[in-house]
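Visitor: One structure coming up, written as structure tokens, with questions to follow.
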Number of protein chains: 2
Amino acid sequence: MKIFPIGGLNEIGKNMTVLEYKDQIMVIDCGMSFPEDEMFGIDVVIPDFTYLINNAKKIRGVVITHGHEDHIGGIPYLLKKINVPIYGTRLPLGLIRNKLDEHGIKGDLRPINAGDKFRLGDFKVEAIRTTHSIADSICLCIETPAARIFHTGDFKIDYTPIDGEPIDFAKLAELGRKGIDLMMADSTNVMRPGFTPSEQVVGQTLDGIFREAKNRIIIATFSSNVHRVQKIIELAVRYGRKFAVSGRSMENVVKLAVELGYLKFPAGSYVELNKTRNIPDSELVIITTGSQGEPMSALARMADDEHRNVKLKKGDMVILSSTPVPGNEKEVSNVVNKLSEKEVEVIYNEVADIHVSGHACQEDLKLIHSLIRPKFFMPVHGEHRHLVRHAKLAEELGMKKDNIFILSNGDQLTVDKRKAIQFKNVVSADDILVDGLGVGDVGNVVLRDRKMLSESGLIIIVAAIDRANGVVVSGPEIVSRGFVYVKEHEELIEAARKKALESIEANIRGGFKDWNTIKNGVRDDMRKFVFKSTRRSPIIMPIFLDI
Amino acid sequence: MKIFPIGGLNEIGKNMTVLEYKDQIMVIDCGMSFPEDEMFGIDVVIPDFTYLINNAKKIRGVVITHGHEDHIGGIPYLLKKINVPIYGTRLPLGLIRNKLDEHGIKGDLRPINAGDKFRLGDFKVEAIRTTHSIADSICLCIETPAARIFHTGDFKIDYTPIDGEPIDFAKLAELGRKGIDLMMADSTNVMRPGFTPSEQVVGQTLDGIFREAKNRIIIATFSSNVHRVQKIIELAVRYGRKFAVSGRSMENVVKLAVELGYLKFPAGSYVELNKTRNIPDSELVIITTGSQGEPMSALARMADDEHRNVKLKKGDMVILSSTPVPGNEKEVSNVVNKLSEKEVEVIYNEVADIHVSGHACQEDLKLIHSLIRPKFFMPVHGEHRHLVRHAKLAEELGMKKDNIFILSNGDQLTVDKRKAIQFKNVVSADDILVDGLGVGDVGNVVLRDRKMLSESGLIIIVAAIDRANGVVVSGPEIVSRGFVYVKEHEELIEAARKKALESIEANIRGGFKDWNTIKNGVRDDMRKFVFKSTRRSPIIMPIFLDI
């Protein structure tokens, strides 16, 4: 049995794992990730589907562990390339359905339930209830004649989840007893000692806050965390408040979760956002997106006084029920600062226990390792430092170092009941960048140009040249963008124009040379001139018309 | 007495406070800050010196509390505009001297010592020993006939500093007894409960690590933290290792600190970095920059295998003795990941107590408030949320809300022994952006262009047009940068060229209109065409030559 991680290793995001047995393939998850800072203009990043496209006929199905973007976000892009059935529980399938509708894709979605056993060709798959920061999450046991494999998916250990459905520990213990050949386990929180607290903790903190609150409450959280949204609604009802919903993704998820029965509330407790004006502040909760400080989110628009229906005022209480995802720290504190300038009371992770993680900490991971007791182990879902730490944790629990495998995306692990062997760089697993309609068409050259343009802008030199007679017929014109504010620097631009003219004339005097010689000449001369005058290095683009 | 904060409020960085009494001005600190993400291409941000330039004759001097960039980084830019004396203790003056030399400025630097009392015109200034993450830090008491003011500078409370010189508590208690009219106090760590641990804690952790280490140790920390560097050197000596130094700022600061007597070590314990090859791994420590993951730093170059003298190898131990400054989290974890891919043992803040903060936490702040017991209070050095929290902390200690003033940069507080009054927006206090030689010449227009260029690049349409006869003589040529990789999209570019030609011809057919009409026409047509084909919005720049 061969395992190829295509995404999710040495990164947190775009999880995707390929399992191959004989001439059959099954896939676990198909996520996306958000662009890194230096990926200028990129909308999302998806896994490299090349291997799957080339082996489309072998694929029996994709099984989704839960509905977060880093596990489902790549599906529309995959289905545009190949048609394969997608298996998942009801909430993730509902979220995928919304995505496919946006992309105008039909898709073959096949619902399963936690506890189900089903076959994908020779793969016997068992979906097992687990707990995470989104409802309806599962982990997977996959069995072929070659090996029995366990994949945790994303998980935390929550003994008291909001929906009353904890991890199926009995099943995990049974699997451990039967014998698991390979475990793949979530490494996101492996740096954190101790245990991840239950989602109930957030409910208790919020209960205290709601009980004391006198004015309007605006609370931002992840739309996908329907358990938390349910808790917020229950607290609203308990303390005599109606609730409204703001932000596109919150509206969509709430609608879906109500349809599917994940969200329940008494008739009359919900109110449309545009009908909240007449409700007294002490009787209203607005549930919104934007807990990560996303600049276009509903909460950011409120903080900027640009929200159509919600105008913040002194005395409002705004709760960010979240912790900044690494990389979002600045955005979150920007929003908090803007809110506090409005004399709004802001409650966020630095002042109250307003969020718990959805991922297992060290002691939780030890429990899973001890229940499953796998023969071989591959840490997944983490940056390299997380994978290394998770491997060390397994060693500390007594696993042999030789039985632990740290892979990179694109590597292969061949595993059976007796041995496991790692091969490097077997399938292509690059980051595929999506920019608008373009999938993979923005590469290093374009990104490097965008970076250079962002740092110093550009200067364009345009001239019409009579090649036969070696004269400049028109121009040079100097046009710049992102370099200096031209109106205030006319002298500099005029000096640059003179410099460019001299350079061109020097290069065509005494007979026309090829265009490249002239272009390189003016580019070099301008670069030196500009750097000397400004210590900046804009892109210099000579464009000549041959008259 | 009038106080104008010019920088350091609603931000962490570029601290600068102006004090004015009658026709005299003194200034506390003159810092810089690093650009925010959206400040594309900006090198540093400095305070707005307009008020000082306009009132240069009144200025009696600038007093520096300590040598961090956010307190001294603006000085070269200030001295290029006006010549004023700079007062400071020896280490900050040494660091300022290095800066001024780089800028080719002489400057009038006047050394003071902690404990000194001196006069700047009518301002009676007393420099008081405090503790912070850089040696030779002071806080200030400033007295005029109108009011007595206390400014904490940046500080922590360290009862056991490495240099054996704790805060002068007796003096603070004496000031409290005499009566302080206004206190300005550091708010950086006001969100954190409890106490800030002593720098000694880091020494103890490092001692344990050094004692067990078998191989080469590479340790990154802030070059300005000469106490920590001293401790690292002492540990190296204790465990039979020589030390070398890597990274320009580390080399400069170590050189300066040795000259000034802040760093001491036995002869023979220092070794030049390019002479470390023959030293056994177990006998070497390399002290380096790059603890914040800075992409061009010595540590980042080691992680990228691009360091001239240090090639990392399996078994090396790399210690990042720091905590990521907010905004640098991603850079730090990138470096940690690269290091761990090299099978180097990496020790950083998530795995050991390898750093302590230089700023006072809540309980420390309560002590200072309780010692000084000011009549009026202005929280400084913090984002808005920090200032609000610090104001609340003062209230919790019993201060009247009306006696606490949250200002913004550019506001004025007028204070005397009886009352304090706040005025909004009295002096200009914008962020002044420095890009290369340009100070303040990159404004919103240029930044917006750089942002747009970074997101989708640009398309340039060049044509020579015979205006009199209404014909396109040459072109249009289509040139793009940062849009698509042209070699792979020749069809798209050719289609765009045809579209542009059609558009221009449609606009000059039947008689030449003005250039703007033609340009706007082709810009609109191209924008629609490009968006429809790619869902991207590059900047479209038509440039026409009149033939």
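The values are calculated or read from the model by the stated rules, or taken from the named source; none is laboratory data. All values derive from a computational prediction rather than experimental measurement. Cβ atoms come from the backbone with ideal geometry, glycine included; neighbour counts cover every protein chain shown. Just so you know, the surface numbers come from the protein's heavy atoms only, side chains and all, with ligands and any DNA or RNA stripped out. Shrake-Rupley method; radii C 1.70, N 1.55, O 1.52, S 1.80 Å.
Visitor: Ranking request for peptides B:127-136, B:273-282: highest mean number of other beta-carbon atoms within 10 Å first, then the rest in descending order. Please list the in-between numbers first.
Guide: Working: B:127-136: 25.4, B:273-282: 12.9.
Descending packing order for the listed peptides: B:127-136, B:273-282.
Visitor: Now, a different point. Just counting partner chain Cβ atoms within 10 Å, what average do the residues of peptide A:458-464 show around their Cβ? Please report the intermediate quantities before stating the final value.
Guide: Values: counts 10, 0, 7, 1, 10, 3, 9.
Whole-number average of other-chain Cβ neighbours for A:458-464 is 6.
Visitor: Shortest first and in nm with one decimal, please list how far the A:E36 label point sits from its counterparts in the other copies (point 7 Å along Cα→Cβ).
Guide: The answer, with the shortest distance listed first, is 2.5 nm.
Visitor: Here is a follow-up. Rounded to the nearest percent, how much of the accessible area of chain A (1.4 Å probe, protein heavy atoms only) is carbon and sulfur? Before the final figure, lay out the partial values.
Guide: Working: 10790 of 22290 Å².
Answer for chain A is 48 percent, counting heavy atoms of protein chains only.
Visitor: I want the antiparallel fraction of DSSP beta bridges within the protein assembly as shown, as a percent rounded to 5.
Guide: 50
Visitor: Let me ask something additional. Other chains near B:36-44: what is the mean number of their Cβ atoms within 10 Å of each residue's Cβ?
Guide: Working: counts 2, 3, 1, 0, 8, 12, 1, 2, 0.
Other-chain Cβ atoms within 10 Å of each residue's Cβ, averaged: 3.
Visitor: Percent antiparallel among DSSP beta bridges with both residues in the stretch A:460-547, to the nearest 5? Walk me through the intermediate numbers first.
Guide: On the way: 6 of 12 bridges.
Counting DSSP beta bridges with both partners in the stretch A:460-547, the antiparallel share is about 50 percent.
Visitor: Defining a contact as two alpha carbons under 8 Å apart and six or more residues distant in sequence, what relative contact order in percent does chain B show?
Guide: Values: 1167 pairs, mean separation 84.0, N = 547.
Contact order relative to length: 15 percent.
Visitor: Filter the cross-link list A:K314/B:K400; B:K499/B:K532; B:K58/B:K171; B:K242/B:K314 down to pairs whose alpha-carbon distance in this structure exceeds 18 Å. Write out the running numbers ahead of the final one.
Guide: Details: A:K314/B:K400 20 Å; B:K499/B:K532 13 Å; B:K58/B:K171 30 Å; B:K242/B:K314 20 Å.
A:K314/B:K400; B:K58/B:K171; B:K242/B:K314, as the Cα separations exceed 18 Å there.
Visitor: Over the heavy atoms of A:S322, what accessible area does a 1.4 Å probe trace out, to the nearest 10 Å²?
Guide: We get 0 Å² for A:S322.
Visitor: Just to confirm my numbers, what's the Cα centroid distance between the stretch B:87-119 and the stretch B:437-496 in Å?
Guide: About 49 Å separates the Cα centre of the stretch B:87-119 from the one of the stretch B:437-496.
Visitor: As a test, work out the antiparallel percent of DSSP beta bridges whose residues both lie in chain A, rounded to the nearest 5.
Guide: Values: 46 of 91 bridges.
Within chain A, antiparallel bridges account for around 50 percent of the total.
Visitor: Using amide H atoms built in the peptide plane, which far-off residues or other-chain residues are under 5 Å from A:M32 H to H?
Guide: Those lying under 5 Å, H to H, from A:M32 are A:K14, A:N15, A:D70, A:H71, A:I72, A:G73, A:G74.
Visitor: What number comes out for the charge environment of A:E234, summing +1 per Lys or Arg and -1 per Asp or Glu over other residues with Cβ under 10 Å away?
Guide: Cβ neighbours under 10 Å give a net charge of +2.
Visitor: Keeping every protein chain present and rolling a 1.4 Å probe, give me the accessible area per residue for chain A in Å². Present the calculation step by step, with values, prior to reporting the outcome.
Guide: Values: 22290 Å² over 547 residues.
In whole numbers, chain A has 41 Å² accessible per residue.
Visitor: Using θ = phi - 60° and the Karplus relation 6.51 cos²θ - 1.76 cosθ + 1.60, list the HN-Hα couplings for the stretch A:318-329 in order, rounded to whole Hz, with x at every Gly or Pro.
Guide: In residue order, the calculated couplings are 10, 10, 9, 8, 5, 10, x, 5, x, x, 9, 4 Hz.
Visitor: For peptide B:436-449, compute the average count of partner chain beta-carbon atoms within 10 Å of each residue's beta-carbon.
Guide: Working: counts 8, 6, 9, 0, 1, 7, 7, 3, 1, 7, 9, 3, 1, 9.
Mean shielding by partner chains, rounded to a whole number: 5.
Visitor: What is the stretch B:346-418's relative contact order, in percent, from Cα pairs under 8 angstrom and six or more apart in sequence? Before the final figure, lay out each step's value.
Guide: On the way: 35 pairs, mean separation 19.9, N = 73.
Contact order relative to length: 27 percent.
Visitor: Here's something else I'd like to know. Need the C-alpha centroid separation for the stretch A:514-537 versus the stretch B:194-236, integer Å.
Guide: 49
Visitor: Give me the distance between the Cα centres of the stretch A:1-67 and the stretch A:346-425, rounded to whole Å.
Guide: Going from one Cα centre to the other spans 18 Å.
Visitor: Show that you can apply the helix-only estimate: for chain A, add -39,500 (n - 2.57) for every DSSP H stretch of four or more residues, divide by all residues, and state [θ] at 222 nm to the nearest 500.
Guide: Calculated mean residue ellipticity at 222 nm is -10000 deg cm²/dmol.
Visitor: Name the residues whose placed amide hydrogens come within less than 5 Å of the amide hydrogen of B:V346, ignoring near sequence neighbours (fewer than 5 apart) on the same chain.
Guide: Close amide H contacts, sequence-distant or interchain: B:V318.
Visitor: Which pairs break 18 Å Cα to Cα here: A:K451/B:K342; B:K375/B:K401; A:K22/A:K80; A:K401/B:K330; B:K117/B:K417? Could the numbers behind the result be given before it?
Guide: Values: A:K451/B:K342 28 Å; B:K375/B:K401 11 Å; A:K22/A:K80 26 Å; A:K401/B:K330 29 Å; B:K117/B:K417 22 Å.
Correct reply: A:K451/B:K342; A:K22/A:K80; A:K401/B:K330; B:K117/B:K417.
Visitor: Where in the stretch A:466-493 does accessible area fall by at least 40 Å² between the isolated chain and the complete protein assembly, at a 1.4 Å probe radius?
Guide: SASA drop of 40 Å² or more in the stretch A:466-493: A:S474, A:R481, A:G482, A:Y485.
Visitor: Which value, in square angstrom to the nearest 100, describes the accessible area buried between chains A and B on both sides, using a 1.4 angstrom probe? Display every interim value, and only then the final one.
Guide: Details: alone 25000 and 25020 Å², together 44570 Å².
Result for this pair: about 5400 Å² buried.
Visitor: Using a 1.4 angstrom probe on the protein heavy atoms only, line up B:L458, A:L492 by accessible area, largest first. All intermediate terms of the calculation are to be shown ahead of the outcome.
Guide: Working: B:L458 0, A:L492 40 Å².
My answer, sorted largest first, is A:L492, B:L458.
Visitor: So what are the ³J(HN,Hα) numbers for the stretch B:420-429, from phi and the Karplus equation (6.51, -1.76, 1.60; θ = phi - 60°), rounded to whole Hz, Gly and Pro as x?
Guide: 9, 10, 9, 10, 8, 6, 8, 10, 6, 8
Visitor: Something else now. How would you order A:175-186, A:435-446 from highest to lowest mean count of nearby Cβ atoms within 10 Å? Display every interim value, and only then the final one.
Guide: Details: A:175-186: 20.3, A:435-446: 18.2.
Those peptides, ordered most packed to least, come out A:175-186, A:435-446.
Visitor: Given a cut-off of under 8 Å on Cα pairs at least six residues apart, what relative contact order in percent is computed for the stretch B:457-546? Intermediate values should be presented prior to the final figure.
Guide: Details: 130 pairs, mean separation 35.4, N = 90.
Relative contact order of the stretch B:457-546: 39 percent.
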